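All remarks here apply to the structure that follows.
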Amino acid sequence: MRKLATLLLASTIGLSALGAVAYAANPMVGGAPMYAKKNIIENAVNSKDHTTLVAAVKAAGLVDTLQGAGPFTVFAPTNEAFAALPAGTVETLLKPENKDKLTKILTCHVIAAKALAADVAKMAKADGGAHKVKTPAVAS
């Protein structure tokens, strides 16, 4: 999982796209290979560890955006990360009336850059263990 990109939080991975093409050399994420010729969404739907994220991206109406021109890096929370939220949080956010709030939360997991694991780790180390980036990178 950490070959594709990394975040300093457990239970997350990053999916990076340059234009509409996912940046990867077919690493495994959630038991599924991530293909360089597929975009972020096409890869994420194959990961059994990111089904909640895929549902959230669909509910927020961000599918077309994340299939569009980039570069984007998505720091993608796993199902385990979503499950760690207080009970009912995900269900509430997925309701149509909370679309704006969900979109705002999800876009805080996107940066307008191709961020590779080695680069992120280097930046975090240089900054004392954390590296701040500007979000959101996309809007619906």
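Scanning the range 57-73 turns up one or more residues that are in a strand (DSSP E or B), hydrophobic (A, V, I, L, M, F, W, C) and either within 23 Å of LYS134 (Cα to Cα) or over 12 Å from the mean Cα position of the chain (by Cα) (or both). From the list LYS58, LYS114, LYS134, LYS122, the lone residue that is loosely packed, with under 15 Cβ neighbours inside 10 Å and within 25 Å of LYS37 (Cα to Cα) is LYS58.
Of all residues in the range 20-56, those satisfying the criterion of being modelled with pLDDT under 70 and either closer than 21 Å to ALA118 by Cα or part of a strand (DSSP E or B) (or both) are VAL21, ALA22, TYR23, ALA24, ALA25, ASN26, PRO27, MET28, VAL29, GLY30.
When the range 93-102 is filtered for residues that are surrounded by 13 or more Cβ atoms within 10 Å (Cβ to Cβ) and over 9 Å from ALA59 (Cβ atoms), only LYS101 remains.
Of the residues making up the range 88-98, none is part of a strand (DSSP E or B) and at negative phi. The condition (being out of contact with any strand residue (DSSP E or B) (no Cβ under 6 Å at 6 or more places or on another chain) and more than 19 Å from LEU53 (Cβ to Cβ)) is satisfied by just one residue among GLY68, GLY88, GLY129: GLY129. Test LEU85 against the stated conditions and say whether it is more than 18 Å from ALA118 (Cβ to Cβ), part of a loop (DSSP other than H, G, I, E, B) and at pLDDT 85 or above. When the stated conditions are applied, LEU85 passes them. Output the residues belonging to the range 68-92 that are surrounded by fewer than 16 Cβ atoms within 10 Å (Cβ to Cβ) and of a type outside the set (Ser, Thr, Tyr). Across the range 68-92, the qualifying residues are GLY68, ALA69, GLU80, ALA83, ALA84, LEU85, PRO86, ALA87, GLY88, GLU91.
The values are calculated or read from the model by the stated rules, or taken from the named source; none is laboratory data. All of these numbers come straight from a predicted model, not from anything done at the bench. Heads up, the Cβs are rebuilt from the backbone with ideal geometry, glycines too, and the neighbour counts pull from every protein chain shown.
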